[in-house]
Amino acid sequence: MHRILSARIDDSIYRKIKDLSLKMHASPKAVIEKAIDLLGKNYQEASKSDIFDETCGVWNRKETPAETVSNIRAMFNAGMKRYER
């Protein structure tokens, strides 16, 4: 599915996109898509982010599961009683 994106860009950037589209025999849309794809790949390589490393250990908590459930249930019950008459 294609989406419409509207953005103000500098005239020099517009001319670069237009020139590249003529040289590459591609549409301006294809030039922008390719540029964004390359930028994303370069960013991933530069940051060397690994989803496992970023999320490893998120399940480790200082409280027990029973304490977590108890705290959540207490907050839920407090919220339900807030508007009681």
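The values are calculated or read from the model by the stated rules, or taken from the named source; none is laboratory data. In this text, all values refer to a predicted model and were calculated from it rather than measured experimentally. Positions of Cβ are backbone-derived with ideal geometry, glycine not excepted, and every protein chain shown enters the neighbour counts.
For the reader, a short list of remarks on this structure follows.
- The single condition among (1) surrounded by 10 or more Cβ atoms within 10 Å (Cβ to Cβ); (2) at pLDDT 90 or above; (3) under 30 Å from MET1 (Cα atoms) that TYR43 does not meet is (2).
- Close Cβ contacts (under 7 Å, 6 or more residues apart or on different chains) running from residues in the range 59-79 that are basic (Lys, Arg) to residues that are assigned to a helix (DSSP H, G or I) comprise ARG61/THR68.
- Within the range 1-40, restricting attention to residues that are more than 19 Å from the chain's Cα centre (by Cα) and basic (Lys, Arg), the residue that is surrounded by the most Cβ atoms within 10 Å (Cβ to Cβ) is LYS16.
- Test: ILE32 is in contact with a helix residue (DSSP H, G or I) (Cβ under 8 Å, 6 or more places away or on another chain) and either in contact (Cβ under 8 Å) with a residue 60 or more places away in the chain or assigned to a helix (DSSP H, G or I) (or both): yes
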